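What follows is a short report on a single structure.
The values are calculated or read from the model by the stated rules, or taken from the named source; none is laboratory data. Since the structure is predicted, the reported quantities are computational estimates derived from the model, not experimental observations. Counting neighbours? That spans all protein chains shown, and the Cβs are built from the backbone with ideal geometry, glycine included. Side chains are part of the model used for accessible areas, which takes the heavy atoms of the whole protein and leaves out ligands, DNA and RNA. Shrake-Rupley method; radii C 1.70, N 1.55, O 1.52, S 1.80 Å.
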Amino acid sequence: MIGIICVVIGVALVLWGADRLTDGATALAQRMNIPQMVIGLTVVAMGTSMPEFFVSLVSAIKGTPDLAVGNVVGSNIFNTMLIVGVSAAVAPMAISRSAVKKDMPFAMAATLMLVLMSLDGDISRMDAALLFAAFIFFMVYTLRLAKKGKVSVVEGKKENLSICMSVVFIVIGLACLIGGSHLFVNGASDIASALGVSEAVIGLTVVACGTSLPELATSVVAARKGQSGMAIGNVIGSNVFNILMILGVTGLVAPMQIEGITTVDMLVMLIGVVLLWMFSYTKYMIARWEGVVLALLFCGYITWLVVNV
């Protein structure tokens, strides 16, 4: 019963927090004349990736690197396939040319870096340093493009919030997202344990879902409000942040041996990013049917995962 209550409260907090975060981030972008895409790639993406960061860092320090890497790989698959899929199914997502030609290729490059680095079965401190250096380059590159006005602005509903209130909304929204996702994971884990589901299945499904819940809620709410730039920026930024920043910092603190992550998991993560780029490149939009395809592929992957545990 306590698990069910935690899940309900957690979902409510995440949804409410996503609403506040989207309003605050959108207002901040409008007040400071910063493109939504940039806010999504930086402030929102970093904030919604905090659960993955803490889970991976603590896991690596405690000597469970498979959970650290698996959390990132699983979350990126969740982001690319389910979050974009559901968001596009709710409302077709318009994507700027700069996102398709600059940001998505960078996300593919980051994914490919992780796949290649994992071939030898570990992520050394040298690997982690390269990942973190790539993250710094990505942030500097994104902010410079925005400063030069080379990132197109996606128009949306005007949010009547001051810069101060926008920041307050962002902080409150992030706090609710992280707190709500923590309650959700704990509650869902308790329910799964009570039903006799194995810890392996719980880790591969519930934890990955729970840590990605902030991204899902934020992107769906943003898409519903017509802020597709914020939604897709959140997904791309979170994927880049998860690989380059989270594994970069985690690997520098504690080099990781990779044993439980299979080639299939890595390939699905890479395929998801490639499909997202292909769908976006056609008409600079992800249509509803394309969103459904991504969501169905995610369901197929999870089914394969559960069957082969």
Kindly check whether there is at least one residue in the range 272-285 that is hydrophobic (A, V, I, L, M, F, W, C) and over 20 Å from the mean Cα position of the chain (by Cα).
-> no
Filter result for Ala222 (at pLDDT below 75 and either at negative phi or part of a helix (DSSP H, G or I) (or both)) = yes
Name the pairs whose Cβ atoms lie under 6 Å apart, with the first residue in the range 256-268 and assigned to a helix (DSSP H, G or I), the second open to solvent by less than 30 Å² (accessible area, probe 1.4 Å), and 6 or more positions between them or separate chains?
-> Asp265/Val73; Met266/Val115; Val268/Ile77; Val268/Tyr301
Hey, Ser280 crowded, with 18+ Cβ neighbours inside 10 Å and touching a Ser or Thr at 6+ places or on another chain (Cβ under 6 Å) or not = no
Would you confirm whether any residue within the range 236-245 is outside any helix (DSSP H, G or I), more than 27 Å from Arg20 (Cβ to Cβ), open to solvent by less than 30 Å² (accessible area, probe 1.4 Å) and at pLDDT 75 or above?
-> no
Within the range 183-201, identify whether any single residue is at pLDDT below 70 and outside any helix (DSSP H, G or I), and answer yes or no.
-> yes
